[in-house]
Amino acid sequence: MISFESDYIAGAHPRLLRRLLETNLEPLSGYGSDPYCESARTKIRAACDAPEAEVIFLSGGTQTNALVISALLRPWQGVIAAETGHISTHEAGAIEHTGHKVLTLPQHLGKLDSGELERFVTGFYADGNHEHMVFPGMVYLSHPTEYGTLYSLSELESISRVCRANSMPLYLDGARLGYGLMSRETDVTLPDIARLCDAFYIGGTKVGALCGEAVVFPRRAPEHLLTTVKLHGALLAKGRLLGVQFDELFTDGLYFRISRHAIDCAEALKQILREKGCTFYLESPTNQQFLILDNAQLEALRREVAVSFWEKYDETHTVVRLATSWSTTQADLDRLREVLEAPPFLP
């Protein structure tokens, strides 16, 4: 069986595993104070064009979202997100568990609209009872979104202006950031994100690392950040595990090269799916592709290909996701083509 189920189905890029082995017996200080973590921070600051940025390494996305959001909010504040945002749907109430409400707004292909955001905040403060309500304290975006769509530079700039006019930090979930940055249709760069956001993370787990996310505060980090990380049970004693990986990912542009590989594979995947007459749920310029299959087709496909259930389209059709990654091969694509050339897919 081949798998397009997700972008973290494989372990880690061989270069990262090799560096972990090469450095394995070095005695290093813990908690992210080792030279590999510091080297990774220096390389990430350079890539972001943010020389004063604070960079911390955490092990996973949900942990990262919960920690950053709770660190940036006051007790009476909530976080604004699209109704389809990851923190709104697939994080098991992790944000609410920290004591902060997720305030949802309509989604447009997975994205927030800056005009709706501004009207929501303006309406909140115009309400005479707003002192009795959960205050909008920050804004959460994911880029790419849960539907594989991307914010344009002008959209990010508009949202950033609303946030700064209302003293709300803008936080960007970059679990798949590499795939967004390497999309053929984006006009957003890593320095743009660092300029427009108050916090974001560079996803490693889904982009070649065994585990790990690099959180960037481009200008000012929350007070007592290390203590906050430990308070959340997120401070890894062997911080080297994350530092070595990100140091290698940001050596010689590896992070961007393997991300571009996934995008190239996604474009080839789209061509195969179009040739075979598959129906797309929406147009995605990144590594996640969404199809509408009738249930008989889905049952047949799953005998040969692992895909992700996304949502029910109607009683007889299902939306599924196929994701390429840094580890996708031409052989995977060729085998998928063969599967789609057999009944019940063959026209």
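The values are calculated or read from the model by the stated rules, or taken from the named source; none is laboratory data. These figures come from a predicted structure and were not determined experimentally. Cβ placement follows ideal geometry from the backbone for every residue including glycine, while neighbour counts extend to all protein chains displayed.
Brief remarks follow.
- From Tyr179, Tyr147, Tyr201, residue being touching an Asp or Glu at 6+ places or on another chain (Cβ under 6 Å) and either on the phi > 0 side of the Ramachandran plot or of a type in the set (Ser, Thr, Tyr) (or both): Tyr201
- Long-range neighbours under 8 Å by Cβ, at least six apart or interchain, first residue farther than 24 Å from Gly148 by Cβ within the range 90-110, second among the hydroxyl-bearing types (Ser, Thr, Tyr): Thr98/Ser70; Gly99/Ser70; His100/Ser70
- Candidate set: the range 179-194, residues that are in contact (Cβ under 8 Å) with a residue 24 or more places away in the chain and over 21 Å from Thr84 (Cβ atoms); chosen: the one surrounded by the most Cβ atoms within 10 Å (Cβ to Cβ): Leu181
- In the range 41-58 there is at least one residue matching the filter, namely being closer than 18 Å to Gly174 by Cα, assigned by TED's automatic domain parsing to the domain that holds Asp173, touching a Leu at 6+ places or on another chain (Cβ under 9 Å) and surrounded by fewer than 17 Cβ atoms within 10 Å (Cβ to Cβ).
- Scanning the range 90-113 for residues being crowded, with 20+ Cβ neighbours inside 10 Å and closer than 13 Å to Ile159 by Cα gives a total of 2.
- Count - residues of the range 232-262 that are part of a helix (DSSP H, G or I) and among the aliphatic types (A, V, I, L, M): 7
- So Thr122, is it β-branched (Val, Ile, Thr), in the same structural domain as Val207 (by TED's automatic domain parsing) and over 14 Å from Met168 (Cα atoms): no
- Enumerated strands (runs of 3 or more DSSP E) restricted to the range 263-347, each holding at least 2 residues that are surrounded by 18 or more Cβ atoms within 10 Å (Cβ to Cβ) and in contact (Cβ under 8 Å) with a residue 24 or more places away in the chain: 288-294, 317-323
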